[in-house]
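The values are calculated or read from the model by the stated rules, or taken from the named source; none is laboratory data. Note that this is a predicted model, so its numbers are computed, not measured. Because the Cβ atoms are built from the backbone with ideal geometry, glycine has one as well, and the counts that use them run over all protein chains shown. Calculation scope for accessible area: heavy atoms of the full protein, side chains included, ligands and nucleic acids excluded. Shrake-Rupley method; radii C 1.70, N 1.55, O 1.52, S 1.80 Å.
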Amino acid sequence: MSDGDRSGATRSGRIDRTVAAVGVVVALALLARFAFLGARPFHWDEGRVGYWTLRYLDTGVYEYRPAAGGPLVYLATRWTVGLFGATDAAARSFVALVGGLLPAAALLFRGSLDDGETVALAALLAGSPLLVYYSRFLRGDVLAAGFGLVVVGAVVRHRDTGARWPLYLGAAALALALASSGFAVVSLPLWLVAAAFVLDEARVRGTPAAAVGRLGAGVAWARANATSLSRALFVFLGVALVLFAPRGGGVGPGLWSPSTLPSVVAFAFVEAPERFVSLRFAGRLSPPARGNSFLPAVAGYARTLVATAWPVLVFGLVGFLRERYRPGTRSVVAFGGYAAGFGLLAFPIASMGVEPWTAVHVVPLLALPGAVGLAWAVRGLRARATATDPAWLVAVLLVASAGVAGYGATAAGVYADPAPESAFAQYAQPSGDVDAALAAAETAMAGNDGVDVVYVGRDLDTDREYALPPVAAADRDAWGARLPLQWYFERVDAETDSVGSVGQLDRAPPVVVTTPDRRVAVNGALDGYAQYDLTLGLWNRGVVVFVAE
């Protein structure tokens, strides 16, 4: 039994120390992600996902819409909220679980990486501050990046062991990645480009025949494994169907209604891709241009990586260069470096902006060469620490202390209160406490018969209250300006309405939400209301919540 085939024990029956070490890392990763999971208020994006999930839970109706993100987040959150209640922590728990289990994917690379590098890879996946932050966030980026790494690991595992199960695992993981986030589509060409560069390394090193040989071996492998590849394709299509199929709630076409199965299949494999292409590709080719220009976007992306993921960045660069300039470079290390490097250019283009969560997608890839760099550094420090010269021990302690202190200062930002200077948070993250206002609002709404919450002002007024997406174009700005309050009011089953001015109020509801410029007018029309000022962004996104006392 080779190193790549060991799972939990050695031949002698002793515990496999590498697997045990990765297990400890996974446990710590889960702790880091679930601790105080509900402490930070919902971001604009989280509020949108949470609100539509509650509507899906209530009606049983769901349909994939690319503008709202991948279906996996909604399907999974429906179950976590249904099981554990409509809380911030429950809604985030599926992403936190997948993010916490991600370090276990390091075992897929064992064999291509040695034991020390395997544990180092798990540690980087567990402790990268950016991955920890967005594993505590209701978006699909960590899911897409994590399942993408599993796809790569499954291919490597199959290559190293010849086993068939990694092919099926990789096929399922690919479907899960695509259903997690539209950014997963960017990974497909990145993998191809990185693989092409790995093949071309043989030519660069002066052995072009080796590159041709690798291509020939790949063709021969595909022919020999045609049956297994066909089964893997079936797994991919089956998982994709389950994830992208609409849920009709017993009314429209739905996955669990046999009579509508043709419509369901057509939606999952024809209409869903067409919607994605129409929104993410065709829409961007039409003027006016949207988003930031290319160079500022790349610069912002790089700044985010330096500020929030510098350990992976530093060790990734060290590991890539160390592997690049030595005989017998390992393809998986080079692959990770190339894919991460090109991702630095590709993801800013795909995101049309500089949101911190887009940087999540390159961190697992960068961790592959990062594991080599980290393991090399640890071995070097250990060797110096055991040297007879006490000066070496002092130097090692100083270097280790500086590294731990620097990492701790960065990781503290994961749990810090959101602030404008945060490198982790995006603009639409509420920067203040909303709990007091929400608790008072829930008390005021108890026993009320009729409308519970009224939004006042043209900036918050919509033509109708939306039970299902999409929101009409004319209402998107006003509906978005309310976020994430929709999630918080919907989870207590509040009935909402909106008016353009305070003079249109028919009666004084328990809760009124308005903008700061209308505070005086609303206050004059209400009697016996407490006022709560909420900042629904890092800056300049305030609302005033009036609550009947």
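Pairs linking a residue in region 39-61 that is closer than 15 Å to residue 85 by Cα and free of Cβ contacts under 8 Å to residues at least 40 places away in the same chain to a residue that is in a helix (DSSP H, G or I) and not basic (Lys, Arg), with Cβ atoms under 7 Å and 6 or more positions apart or on different chains, are 53/74; 53/77; 53/81; 57/81; 57/82. Residue check: is residue 441 open to solvent by less than 30 Å² (accessible area, probe 1.4 Å), touching a residue at least 40 places away in the same chain (Cβ under 8 Å), within 27 Å of residue 481 (Cβ to Cβ) and more than 22 Å from the chain's Cα centre (by Cα)? Spelling it out, residue 441 is indeed open to solvent by less than 30 Å² (accessible area, probe 1.4 Å), touching a residue at least 40 places away in the same chain (Cβ under 8 Å), within 27 Å of residue 481 (Cβ to Cβ) and more than 22 Å from the chain's Cα centre (by Cα).
Of the residues making up region 196-221, those that are open to solvent by less than 40 Å² (accessible area, probe 1.4 Å) and at pLDDT 70 or above number 2.
Filter region 370-421 down to the residues that are part of a helix (DSSP H, G or I) and touching a Phe, Trp or Tyr at 6+ places or on another chain (Cβ under 6 Å), then identify the one that is surrounded by the most Cβ atoms within 10 Å (Cβ to Cβ). The residue in question is 370.
Taking residues in region 169-193 that are closer than 12 Å to residue 346 by Cα, and partners anywhere that are surrounded by fewer than 24 Cβ atoms within 10 Å (Cβ to Cβ) and of a type in the set (D, E, K, R), the pairs with Cβ atoms closer than 9 Å and at least 6 places apart or on different chains are 185/280. Filtered by the rule that a residue be in a helix (DSSP H, G or I) and open to solvent by 70 Å² or more (accessible area, probe 1.4 Å), region 446-485 gives 473, 474, 476, 477. Select, from 80, 118, 87, the only residue that is over 25 Å from residue 273 (Cα atoms) and without any contact (Cβ under 8 Å) to a residue 24 or more places away in the chain. The unique qualifying residue is 80. Looking at this structure, is residue 55 of a type outside the set (Val, Ile, Thr) and under 26 Å from residue 469 (Cβ atoms)? Against the criterion (of a type outside the set (Val, Ile, Thr) and under 26 Å from residue 469 (Cβ atoms)), residue 55 qualifies. In the set (1) open to solvent by less than 20 Å² (accessible area, probe 1.4 Å); (2) in contact (Cβ under 8 Å) with a residue 40 or more places away in the chain; (3) not in a strand (DSSP E or B), the condition left unmet by residue 507 is number (1). When residue 339 is tested against (1) at pLDDT 95 or above; (2) within 30 Å of residue 245 (Cβ to Cβ), only condition (2) is not met. Within region 33-47, is even one residue in a helix (DSSP H, G or I) and more than 30 Å from residue 276 (Cα to Cα)? Scanning region 33-47 turns up at least one residue that is in a helix (DSSP H, G or I) and more than 30 Å from residue 276 (Cα to Cα).
From the list 438, 485, the lone residue that is touching a strand residue (DSSP E or B) at 6+ places or on another chain (Cβ under 9 Å) and under 21 Å from residue 68 (Cβ atoms) is 485. Count of region 238-277 residues, restricted to those that are under 19 Å from residue 70 (Cα atoms), out of contact with any helix residue (DSSP H, G or I) (no Cβ under 8 Å at 6 or more places or on another chain) and either open to solvent by 70 Å² or more (accessible area, probe 1.4 Å) or outside any helix (DSSP H, G or I) (or both), is 4. Can we say residue 321 is at pLDDT below 95, open to solvent by 40 Å² or more (accessible area, probe 1.4 Å) and not charged (D, E, K, R)? In short, yes. For residues that are aliphatic (A, V, I, L, M) and within 15 Å of residue 30 (Cβ to Cβ), tally how many sit in region 107-136. Selection size over region 107-136: 6. When we screen 535, 515, 496 for residues that are over 22 Å from residue 50 (Cα atoms), in contact (Cβ under 8 Å) with a residue 24 or more places away in the chain, among the polar types (S, T, N, Q) and surrounded by 15 or more Cβ atoms within 10 Å (Cβ to Cβ), the only hit is 515.
Per the conditions (1) within 29 Å of residue 60 (Cα to Cα); (2) modelled with pLDDT of 95 or more, the sole criterion not satisfied by residue 463 is (2).
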